[in-house]
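Remarks on the structure that follows.
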Amino acid sequence: MSTGTLFSRSPQPLYLQAAAIFRSKVHERAWIPGQQIPALDILVQTYGISRATVRQALGLLEGEGLIRRARGTGTFVNESLPATPALLIPKNWAETVELSNRLGTVSLVESSAEVPLPEALGMPCEAAREGHFQYLRRLHTTEAGPFCYSEVYLDSHIFRRHATRIKKSAVAPVLDQFYGARLNEAKQSLRVVEAGGESADWLQIPVSSPVAELRRYACIAQRVVYFARLEFPFRNVRMEFDLLR
């Protein structure tokens, strides 16, 4: 497959696509820390793009601390690469609570009136969904910065009873502390989607960047009391599975 065909598949500017390819060379250790990367003319010939495009792409990597350019000697991969904090995507309710306890919470939008659940949750759900809910749009953070963008629907009675705490923290730990013994169903789905305008803005990533979208709900007495849709930039997360368990 030619690189021209590869680049034509994406609406992103060429320099962003080239930067993604060069970045993967660093992360996959095809370009080794401390060593010189291929010369500008070689990159131009290899990928069929202009010198200006290559310079723009390398400029992004330099800004990210992955490479350094030395006048007269070439471009080198940095010996010490910046760490990219990544947290495990939770696979069960206990891990969901544990992760939520580690995140800061910034409130973006809070509905002023009770609302129903969306007609379609975007995941299989046979539980009852009647009642009124508080809608919350939030940004969750770590010490490294924005980590997760979320939209949450929480049973209005639960929200009013614990509003002070919920306004300052993620919802899952509150549910677990006060209603954990009564939760009879909790499910989660994951898929890859593109970041929209608002989520991309808050997460500080380009629009249409791939994100891990989690949708989850929890029930008490066979009725949904909590539904959330969350977006995690791929650079922030990792997943691990015990394939023999």
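Here segment 231-245 is the region considered, the condition is being aromatic (Phe, Trp, Tyr) and open to solvent by 90 Å² or more (accessible area, probe 1.4 Å), and the residue that is nearest to Gly122 (Cα to Cα) is Phe234.
Across segment 216-230, the number of residues qualifying as within 16 Å of the chain's Cα centre (by Cα) and either open to solvent by less than 10 Å² (accessible area, probe 1.4 Å) or modelled with pLDDT under 85 (or both) comes to 1. Picking from residues in segment 190-210 that are open to solvent by 80 Å² or more (accessible area, probe 1.4 Å) and part of a loop (DSSP other than H, G, I, E, B), the one that is nearest to Thr141 (Cα to Cα) is Gln204.
A single entry from Ala113, Ala144, Ala163 fulfils the requirement of being within 22 Å of Ala212 (Cβ to Cβ) and out of contact with any strand residue (DSSP E or B) (no Cβ under 7 Å at 6 or more places or on another chain): Ala144.
When you look at Arg138, is it free of Cβ contacts under 8 Å to residues at least 40 places away in the same chain, basic (Lys, Arg) and in contact with a Leu (Cβ under 8 Å, 6 or more places away or on another chain), yes or no?
It is true that Arg138 is free of Cβ contacts under 8 Å to residues at least 40 places away in the same chain, basic (Lys, Arg) and in contact with a Leu (Cβ under 8 Å, 6 or more places away or on another chain).
Taken together, Val193, Val152, Val224, Val211 contain a single residue that is closer than 20 Å to Ser112 by Cβ and assigned by the TED database to the domain that holds Ala113, which is Val152.
Find all pairs meeting these conditions: Cβ atoms under 6 angstrom apart; at least six residues apart or on different chains; first residue within segment 14-33 and assigned to a helix (DSSP H, G or I); second residue open to solvent by 50 Å² or more (accessible area, probe 1.4 Å). Hits for this filter: Tyr15/Gln56; Ala19/Leu60.
The set of residues in segment 159-184 that are open to solvent by less than 40 Å² (accessible area, probe 1.4 Å) and not in a helix (DSSP H, G or I) comprises His162, Ser169, Ala170, Leu183. Taking segment 212-245 only, how many residues are touching a residue at least 24 places away in the same chain (Cβ under 8 Å) and assigned to a strand (DSSP E or B)? Within segment 212-245, residues that are touching a residue at least 24 places away in the same chain (Cβ under 8 Å) and assigned to a strand (DSSP E or B) number 21.
Just to be sure before I move on: is Phe147 buried (at least 18 other Cβ atoms within 10 Å of the Cβ), of a type in the set (Phe, Trp, Tyr) and over 25 Å from Val207 (Cβ atoms) in the structure I sent? So that I can check it myself, show each step before the final result.
On the way: buried (at least 18 other Cβ atoms within 10 Å of the Cβ): yes; of a type in the set (Phe, Trp, Tyr): yes; over 25 Å from Val207 (Cβ atoms): no.
The answer is no for Phe147.
State all residues of segment 109-140 that are exposed (fewer than 14 other Cβ atoms within 10 Å of the Cβ) and not in a loop (DSSP other than H, G, I, E, B); if no residue qualifies, say none. Hits for segment 109-140 are Val109, Val115, Ala128.
The values are calculated or read from the model by the stated rules, or taken from the named source; none is laboratory data. Note that the coordinates shown come from a computational prediction; the quantities given were computed from them, not determined experimentally. Note that each Cβ is placed from the backbone with ideal geometry, even for glycine, and that neighbours are counted across all protein chains shown. Protein only, heavy atoms only, side chains kept; ligands, DNA and RNA dropped before computing areas. Shrake-Rupley method; radii C 1.70, N 1.55, O 1.52, S 1.80 Å.
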